[in-house]
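Student: Encoded as structure tokens, here's the structure I'll be asking about.
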Amino acid sequence: MRLLIIGTMRGPLATAAQIAMARGATLANAETVAQGLSTLRLRGADLLFIDLRHPIDEIAQAMRDDRIST
């Protein structure tokens, strides 16, 4: 499984990443929304975690605009 985390790797996101990697997931991390969307466009992801400090509605709209399946 390919996991993409958009946000800072601290707290719960870091814990989730450690659990996912321990179970065999491949992890990609993007600090900004722009980096995250670029990673989705280029490499894709099976699962996306987003820090709640980021504008999730804008990310979802950009994914719809790019026809990235949600």
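Student: Any chance you could give the angle, 0 to 90 degrees and rounded to 10, that helix 11-22 forms with the longest Cα principal axis of the chain?
Tutor: The helix 11-22 is inclined about 70 degrees to the chain.
Student: Looking at (i) 14.1, 43; (ii) 17.1, 59; (iii) 11.5, 33, which value of Rg and Dmax of the Cα atoms in Å comes from a calculation on the structure shown?
Tutor: Computed from these coordinates, Rg and Dmax of the Cα atoms in Å corresponds to label (iii).
Student: Next question. To the nearest 0.05, how large is the calculated FRET efficiency for Thr15 and Arg43 if R₀ is 30 Å and r is the Cβ-Cβ distance? Working shown, then result.
Tutor: Values: r = 23 Å, r/R0 = 0.78.
FRET efficiency, Thr15 to Arg43: 0.80.
Student: Another question, then. Can you tell me the orientation of helix 33-43 relative to the chain, as the angle in degrees between its alpha-carbon axis and the longest Cα principal axis, to the nearest 10?
Tutor: 90
Student: For Ala22 and Glu58, what is the calculated FRET efficiency with R₀ set at 30 Å and r taken between the beta-carbons, to the nearest 0.05?
Tutor: Values: r = 31 Å, r/R0 = 1.05.
It comes to 0.45.
Student: Round to the nearest 10 and give me the degree value, 0 to 90, for the angle of helix 56-65's Cα axis relative to the longest principal axis of the chain.
Tutor: Approximately 60 degrees, to the nearest ten.
Student: For the chain, which whole-number percentage of the solvent-accessible area (1.4 Å probe, protein heavy atoms only) is attributable to carbon and sulfur atoms?
Tutor: Values: 2470 of 4680 Å².
Taking all protein chains in place, the chain shows 53 percent carbon and sulfur surface.
Student: Okay, moving on. In debye, nearest 20, what is the charge dipole magnitude of the chain about its Cα centre with +1 on Lys and Arg Cβ and -1 on Asp and Glu Cβ, if you could check?
Tutor: On the way: 8 positive and 7 negative charges, 48 e Å.
Dipole about the Cα centre, nearest 20: 240 debye.
Student: Which cross-chain or sequence-distant (5 or more) residues have an amide H under 5 Å from the amide H of Asn29, H modelled 1.01 Å from N in plane?
Tutor: Ile5
The values are calculated or read from the model by the stated rules, or taken from the named source; none is laboratory data. Since the model is a prediction, treat every value here as computed from it, not as a measurement. Every residue, glycine among them, receives a Cβ derived from its backbone with ideal geometry; neighbour counts consider all protein chains shown. Surface areas here come from the heavy atoms of the whole protein model, side chains and all, with no ligands, DNA or RNA. Shrake-Rupley method; radii C 1.70, N 1.55, O 1.52, S 1.80 Å.
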